[in-house]
Amino acid sequence: MTHEGAPWCSRTFEDMTERMDDMNLDVTADDVLVLRNAGRRARRHAEAGYCDPEETAQQGVKDMVRISTRA
C-alpha cells in the first residue's frame, strides 16, 4: 500500500486536540496527519490516532492516514 498527501502536523497532544474540532482547519481527506508526541510511549496510553478532524468528518470521511510519534 502506498499513499501520497500533504502533511498536517500537530506539535503536542494538546495542540492536536484543540485544533481537531476547528472547522477552518486546512486539511483534506488525502492529507497525512502527523501527530507529534501522541504515540504510546509519549502519552503512556493508547495512541491518539483515532482522531479525525471535524472538518473532514462532516464531509463523510471515515479514515485518514495518521502517523503518531513520541518526539
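Screening the candidates THR12, THR28 for the property of being hydroxyl-bearing (Ser, Thr, Tyr), at pLDDT below 85 and surrounded by 13 or more Cβ atoms within 10 Å (Cβ to Cβ) yields one hit, THR12. Reported count of residues in the stretch 55-65, each being at pLDDT 80 or above and in contact with a Leu (Cβ under 9 Å, 6 or more places away or on another chain), is 3.
The values are calculated or read from the model by the stated rules, or taken from the named source; none is laboratory data. All of these numbers come straight from a predicted model, not from anything done at the bench. Virtual Cβ from ideal backbone geometry, glycine too; neighbours counted across all protein chains shown.
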